[in-house]
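So the structure is just underneath, and the comments pick up after that.
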Amino acid sequence: MAWWHQFPVPLRHLAGVRLLAMTGAGGVLYLTPMVFHREAFSASSVGAGLALAALAGTVGRLACGVLLDRGWRASTPLLLAVACALIGDGLLLVSQGFGSYAAGQVLLGVAAGFYWPAVELAVPLTAGSLPSARGFALVRSADALGVASGALIGALLASLGGLRGIYLVDISCLLALLALLRGRPLPGGQATAK
């Protein structure tokens with residue numbers, strides 16, 4: 001336990017945020033193609049959805065950068081990411097056709113775009129006097145553990161015949177993340193954080 005307490009409390013909070021977010025995202029990232037392959041989507045349709053998510057993620061990253069450069073707290077883009085991901089997961093949970101699949105993928109892409117710049121900026125802002133390299137090592141370890149846990153949960157759901165449950169896992173993690181961020185917002189880049 002002494003190892004954990006060497007990190008500042010805000011950085012430990014950030015690691016928890018990232019662990020939770022990646023636990024929900026892990027199954028979605030790795031198993032969404034399998035979900036829609038089982039729905040008899042062609043490989044090109046599944047790939048098109050993934051490409052749309054990547055393009056939307058680029059737009060989300062640019063928008064997040066603008067918000068952070070204006071001094072917004074890192075929590076604000078994360079809350080926007082949570083909202084987009086909740087809607088995207090909801091669409092993917094019930095999707096039977098390409099239109100709702102593509103819309104869900106676009107929303108998850110935008111969510112990822114808002115998420116990553118904000119959580120990366122938050123590392124040096126929460127590390128205090130600790131070298132930021134150690135802070136990045138902690139939070140990226142939390143990311144890896146979360147993705148692995150989420151993928152494992154998704155694999156278990158698949159073995160039980162409930163593969164679409166990955167979206168319910170992500171929704172649950174997103175709601176918990178929302179509560180964490182509302183209870184303890186992440187810092188902003190400037191003194192006038194919004």
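The values are calculated or read from the model by the stated rules, or taken from the named source; none is laboratory data. Nothing here was measured: the structure is a model prediction, and the numbers come from that model. When the accessible area is computed, the model is the full protein with side chains, heavy atoms only, and any ligands, DNA or RNA have been set aside. Shrake-Rupley method; radii C 1.70, N 1.55, O 1.52, S 1.80 Å.
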For this session: Skip the ligands, DNA and RNA, and give the accessible area per residue of the chain with a 1.4 Å probe, whole Å².
Result: 46 Å²
Problem set entry | Percent accessible area from carbon and sulfur atoms, the chain, protein chains only, probe 1.4 Å | 71 percent
Seminar exercise, completed: Between G188 and residues 5 or more places away or on another chain, the pairs with built amide H atoms under 5 Å apart involve A74
Problem set entry | Relative contact order (percent, whole number), the chain, Cα cutoff 8 Å, 6+ residue spacing | 42 percent
For this session: Keeping all protein chains in position, work out how much accessible area H5 exposes to a 1.4 Å probe, and write it in Å² to the nearest 10.
Result: 100 Å²
For this session: Please arrange F41, F136 by accessible surface area, largest first, computed with a 1.4 Å probe and ligands excluded.
Result: F136, F41
Exercise. Quick one: Cα centre-to-centre distance for region 5-44 and region 108-187, in angstrom?
Worked result: 6 Å
Exercise. Quick one: length gained pulling A144 to A63 fully straight, 0.36 nm per residue minus the C-alpha distance?
Worked result: 26.6 nm
For this session: Please report the Cα spread of region 1-96 along all three principal axes, rounded to whole Å, starting with the longest.
Result: 50, 37, 19
For this session: Could I get the Rg over Rh figure for region 111-185? Both from C-alpha atoms, Rh via Kirkwood, rounded to two places.
Result: 1.06
